[in-house]
């Protein structure tokens with residue numbers, strides 16, 4: 001399978017929505033246009049859902065390339081949001097969309113999709129999880 005980049009995925013979603021608009025305006029094909037719009041929306045929702053997944057330190061370390069202790073330090077220093085309830089001493093949870101990718105580590109297609117999903121989530125969910 002070829003790697004999927006966030007730019008190529010954004011381009012595909014834009015092309016799908018443009019085709020839906022063309023079908024509607026040029027041919028009066030409302031049904032097919034709505035189907036394409038529905039499909040594009042479902043892809044965006046799936047990307048947001050993936051980005052919102054909460055990970056343990058071990059899972060986050062595996063995905064990011066950072067050691068769990070380094071990720072815990074980043075959480076303590078406020079570089080990564082801590083999604084535990086306030087004043088909780090429980091296990092740290094990190095949102096997949098907030099994960100850094102270690103410099104020098106090859107970006108996997110999953111990392112590119114997480115980046116896109118995170119940007120889509122920020123565009124559509126301002127203020128969620130304490131983000132500006």
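Readers should treat all values here as calculations from the given coordinates under stated rules, not as data from a laboratory. Everything numeric in this text was worked out from a predicted model, so none of it was measured. Here the Cβ is made from the backbone with ideal geometry for all residues, glycine too, and neighbour counts use every protein chain on show.
When the criteria are applied in full, residue 71 fails the requirement of being under 27 Å from residue 101 (Cβ atoms), free of Cβ contacts under 8 Å to residues at least 60 places away in the same chain and not in a helix (DSSP H, G or I). Looking across the range 16-34, the residues that are exposed (fewer than 14 other Cβ atoms within 10 Å of the Cβ) and part of a helix (DSSP H, G or I) come down to 18, 21, 22, 25, 26, 27, 30, 31, 32, 34.
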